[in-house]
Amino acid sequence: MQGPTHDRITETAKALGLDLPEACRPGVQANLDLLAQHARTLDDFLAGDET
Amino acid sequence: MTSRVEQALSAAQNDRHNAFTRILVDEARRDAATSKTGRLAGVPFAVKDLFDIAGLPTTAGARMRLDATPAKADATVITRLKAEGAVLIGTTNMDEYAYGFATVNAHFGTTLNPHAPDRLAGGSSGGSAAAVAAGVVPLALGSDTNGSIRVPASLCGVWGMRPAMDDMPLEGVFPFVHALDTVGPFTRSLADLKLAYEVMSCRVLATTSATPRIARLTGFFARNADPDALAAVATIDAEPLDLPMAEAARSAAFLITGAQGGALHLDTLKTRAMDYDPAVRDRLIAGAMLPSATYLRAQDMAARWRAQVTEAFQTCDILIAPSTPVTAPRIDAGTIEINGQTVSARANLGILAQPLSLAGIPVISAPVRKSGLPFGLQFATAPGREALLFDYLARLEAEGVLGASVLEAA
């Protein structure tokens, strides 16, 4: 079953003009998760720095 | 002097560590026959496979670039080394497009650590570090975006330098992340490192008599380092210094790298995604998908971090931190332990190098003199204080604290 994350990756790839091969999807998802972790670290720091 | 080149060529041809991707026998013999003067006369050297070499395709570690249009000229830094008599003997292995800390390449294989062939050499300039550590060449060039010189220098037990941003010309160097890309040397001695740096940067460093103020970085750098590395840092007389933005700076470097690397490769990914090393491809695609707001916040963090580091240099001259969180991990493991967590080696061996990359400052990874698996310490200074840094390191080398772990070429 394809969930919302799958749809988001598909939509973003489409917006970039990327015809995302199915074989890439698990690796791309794992790397997006890693980038999201770093974005959270950044957001947490900036939120604390601005209070 | 030709014999040094012949010895290096022979050693490269018998390389057991998969350090080399191309050996330039004819070109090296031709240059050796004509290069008889200069500060590097007859010194054989190798370059990471992302520097332009006239007449050859620049692969950047990618199979899809094996038939790329040959470079019209040597990269500027190669030209400068050759002008001083150095002789280029080959190109070295790397993570594809320099995106990794392991030198695990799906097309060209994994570079083995000369100190323990079942362990990683580090990356992405691992072929260059291994070639120097194995005694094949006394000098090799790498690039360092997030730590790609300092990580393999640490794991292979040699000297490696990331110069300050914009200190070295990048003409003829395949790009990765324009905000962070630099190039620099690997050597077996500090004196060679200084000489290579001077030639590559067209500078001559004066000897200084000043006593530098030293700070060892705590906080993020201490939390994520191996106890042995921290013990090595503790042997050096230095004041503790916490830079509280370091963790967020590392994340900012990670995000900027993903976004800029992804943008650089987007057009090629649209048409040839399946020709990439899968591990690199998926990282690049994810980076290209990063929201612009996240990228801009990372750039904002970078500016704040640089201001914090600049402020730190008001009260100290040299910052010290381990180069890598651990010694060389086993190739078959794929993961390392950092601060109690199991994480990917490929993505995290540079955790302690990335914040200093983002600061844009010159950093030398110096090998700790020890038995067993090697590791390095980072010594960073403010741009323009390189002479002070080299003189300080020379004292530590003379005291026996630092020194390369070099093997003899087969």
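The values are calculated or read from the model by the stated rules, or taken from the named source; none is laboratory data. From a predicted model like this one, the values you see are computed outputs, not experimental measurements. Cβ atoms come from the backbone with ideal geometry, glycine included; neighbour counts cover every protein chain shown. We work out accessible area using only protein heavy atoms, side chains counted, and drop any ligands, DNA or RNA first. Shrake-Rupley method; radii C 1.70, N 1.55, O 1.52, S 1.80 Å.
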Could you identify the single residue in B:324, B:315, B:294, B:310 that is open to solvent by 20 Å² or more (accessible area, probe 1.4 Å) and in a loop (DSSP other than H, G, I, E, B)? B:315
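Rundown of residues vs (1) free of Cβ contacts under 8 Å to residues at least 24 places away in the same chain; (2) within 25 Å of residue B:3 (Cβ to Cβ); (3) out of contact with any helix residue (DSSP H, G or I) (no Cβ under 6 Å at 6 or more places or on another chain); (4) among the charged types (D, E, K, R), yes/no style:
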residue: B:32; (1), (2), (3), (4): no, yes, no, no
residue: B:36; (1), (2), (3), (4): no, yes, yes, yes
residue: B:62; (1), (2), (3), (4): no, no, no, no
residue: B:71; (1), (2), (3), (4): no, no, yes, no
residue: B:76; (1), (2), (3), (4): no, no, yes, no
residue: B:79; (1), (2), (3), (4): yes, yes, yes, no
residue: B:82; (1), (2), (3), (4): no, yes, yes, yes
Residues to consider are B:68, B:54, B:73, B:86; find the one that is crowded, with 24+ Cβ neighbours inside 10 Å, modelled with pLDDT of 95 or more and not hydroxyl-bearing (Ser, Thr, Tyr). B:86
Can you list the strands (runs of 3 or more DSSP E) lying wholly within the stretch B:116-230 that have 1 or more residues being of a type outside the set (Phe, Trp, Tyr), more than 14 Å from the chain's Cα centre (by Cα) and buried (at least 19 other Cβ atoms within 10 Å of the Cβ)? B:116-120, B:214-217
Hey, among the residues in the stretch B:189-235 that are charged (D, E, K, R) and touching a helix residue (DSSP H, G or I) at 6+ places or on another chain (Cβ under 9 Å), which one's farthest from residue B:368 (Cα to Cα)? B:203
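Rundown of residues vs (1) at the interface with chain B (Cβ under 7 Å from one of its Cβ atoms); (2) open to solvent by 50 Å² or more (accessible area, probe 1.4 Å); (3) modelled with pLDDT of 95 or more, yes/no style:
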| position | (1), (2), (3) |
| --- | --- |
| A:2 | no, yes, no |
| A:8 | no, yes, no |
| A:18 | yes, no, no |
| A:22 | no, yes, no |
| A:25 | no, no, no |
| A:37 | no, yes, yes |
| A:40 | no, yes, yes |
| A:47 | no, yes, no |
The residue from B:286, B:302, B:279 that alone is at the interface with chain A (Cβ under 10 Å from one of its Cβ atoms) and modelled with pLDDT of 95 or more is B:286
Before we move on, is residue B:43 closer than 10 Å to residue B:91 by Cα, assigned by TED's automatic domain parsing to the domain that holds residue B:173 and β-branched (Val, Ile, Thr)? no
Taking the stretch B:231-258, which residues are open to solvent by less than 20 Å² (accessible area, probe 1.4 Å), in a helix (DSSP H, G or I) and at pLDDT 95 or above? B:246, B:248, B:249, B:250, B:251, B:252, B:253, B:254, B:255, B:256, B:257, B:258
Those residues of the stretch B:270-287 which are in a helix (DSSP H, G or I) and either touching a residue at least 60 places away in the same chain (Cβ under 8 Å) or surrounded by fewer than 23 Cβ atoms within 10 Å (Cβ to Cβ) (or both), in sequence order: B:270, B:271, B:272, B:273, B:274, B:275, B:278, B:279, B:280, B:282, B:283, B:284
